[in-house]
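Visitor: What follows is a structure written as structure tokens; I'll ask about it next.
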Amino acid sequence: MENLKDLLCHQLKALYCVEDLTINYFPLIIEKIDEPKLKNALKFHLKETRAQISRLDAISKDLKFNNNRAEFTAISGLFDQMKEFMINVKNSNVFNAGLIAELQRIEHFEICAYGTAVCYAKELGLYRIASLLQETLNEEYGTNDKLSLLAKVFLNYRAVEQV
Ligand SMILES: [Fe+2]
């Protein structure tokens, strides 16, 4: 990597990795959730994720960036931890509350990486790309807020009595 554009491409590779893993794992997670509001939130985000990948494709084309997928072990580790959590927690109220924490680790990663990518794109004068990335960043904030709300309004409370 020799310049800021290379760093932007590096961020994009990490973002492809997290979005691809979301596409792979979300259907399995959605299937395991029995709480309708949480299930709907994830179904909605899965749809958004498909659009987010299309934006990354458009950006890669614009940048003539080779979007060969790379694995980022820190990112796949977050998904592995979530899988392990899902296998180990049997009580459904505890599962729902804890799953939100697992999902938010991933959301926070995305918010951080998209935020950095927007910043790099603006610095490089790539305003169309910056606005596509900002659109996705806003969706990630939206998902994170929705998850926080579900946890705070009732899912954490429901898990209290399970001890
Ligand atoms: Fe995403």
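Coordinate-derived values only; no laboratory data. Not measured: the values here are computed from a predicted model. No Cβ is skipped: glycine too gets one built from the backbone with ideal geometry, and neighbour counts run over all protein chains shown.
Visitor: If the only charges are +1 at each Lys and Arg Cβ and -1 at each Asp and Glu Cβ, what is the size of the charge dipole of the range 102-163 around the Cα centre, to the nearest 20 debye? Could the numbers behind the result be given before it?
Guide: Values: 6 positive and 9 negative charges, 16 e Å.
That gives a dipole near 80 debye.
Visitor: If you don't mind, there's one more thing I want to ask. Tell me what the chain gives for mean residue ellipticity at 222 nm when only DSSP H runs of n ≥ 4 count, each as -39,500 (n - 2.57), the sum divided by the residue total, rounded to 500 deg cm²/dmol.
Guide: The helix-only estimate for the chain comes to -28500 deg cm²/dmol at 222 nm.
Visitor: A follow-up question, please. Which one, ILE87, ALA101, THR143, projects farthest toward the positive side of the charge dipole computed for the range 4-158 from Cβ point charges (K/R +1, D/E -1)?
Guide: Farthest along the dipole direction, towards plus: THR143.
Visitor: Report the one residue of ILE111, GLN52, LEU4 whose Cα lies farthest in the direction of the positive end of the charge dipole of the chain (charges on C-beta: Lys and Arg +1, Asp and Glu -1; origin at the Cα centre).
Guide: Checked the options; the winner is GLN52.
Visitor: Okay, moving on. I need the GluC sites (Glu not before Pro) found in the range 54-163, filtered to DSSP loop residues with at most 14 other beta carbons within 10 Å of theirs.
Guide: Values: sites: GLU71, GLU84, GLU102, GLU107, GLU110, GLU123, GLU135, GLU139, GLU140, GLU161; in loops: GLU71, GLU161.
Sites meeting the loop and neighbour criteria: GLU71, GLU161.
Visitor: Follow-up question, since we're still on this one. What number comes out for the charge environment of SER76, summing +1 per Lys or Arg and -1 per Asp or Glu over other residues with Cβ under 15 Å away?
Guide: Numbers: positive: LYS13, ARG69, LYS83, ARG105; negative: GLU19, ASP20, GLU71, ASP80, GLU84, GLU102, GLU110.
Net local charge, SER76 excluded: -3.
Visitor: Let me have the relative contact order for the range 4-158, percent, based on Cα pairs under 8 Å that are six or more residues apart.
Guide: On the way: 131 pairs, mean separation 50.6, N = 155.
For the range 4-158, the relative contact order is 33 percent.
Visitor: Longest span of the chain, sites excluded, free of trypsin sites (Lys or Arg not before Pro) in DSSP loop with at most 16 other C-beta atoms within 10 Å? Don't jump to the answer; show the numbers that get you there.
Guide: Details: sites that count: LYS64, ARG69, LYS90.
The longest uninterrupted stretch comes out as 91-163.
Visitor: Could you let me know the centre-to-centre spacing of the range 67-83 and the range 1-65, using Cα atoms, in angstrom?
Guide: Each part's Cα centre sits 12 Å from the other's.
Visitor: About the Cα centre, and with charges only on the beta carbon of Lys, Arg (+1) and Asp, Glu (-1), how big is the dipole of the chain? Nearest 20 debye, please.
Guide: Dipole of the chain, to the nearest 20 debye: 300 debye.
Visitor: So which of LYS32/LYS83; LYS43/LYS152; LYS43/LYS90 end up more than 18 Å apart, counting from Cα to Cα?
Guide: Values: LYS32/LYS83 11 Å; LYS43/LYS152 20 Å; LYS43/LYS90 22 Å.
Violating the 18 Å Cα-Cα cut-off are LYS43/LYS152; LYS43/LYS90.
Visitor: About the Cα centre of the range 1-54, how large is the charge dipole given +1 on each Lys and Arg Cβ and -1 on each Asp and Glu Cβ? Please answer in debye to the nearest 20.
Guide: 200
Visitor: Once Rh is set to the Kirkwood radius over Cα pairs, what Stokes-Einstein translational diffusion coefficient, in µm²/s, holds for the chain at a temperature of 20 °C and a viscosity of 1.002 mPa s?
Guide: 129
Visitor: Also: Around LEU150, under 12 Å between beta carbons, what's the net of Lys plus Arg minus Asp minus Glu among the other residues?
Guide: Net local charge, LEU150 excluded: +3.
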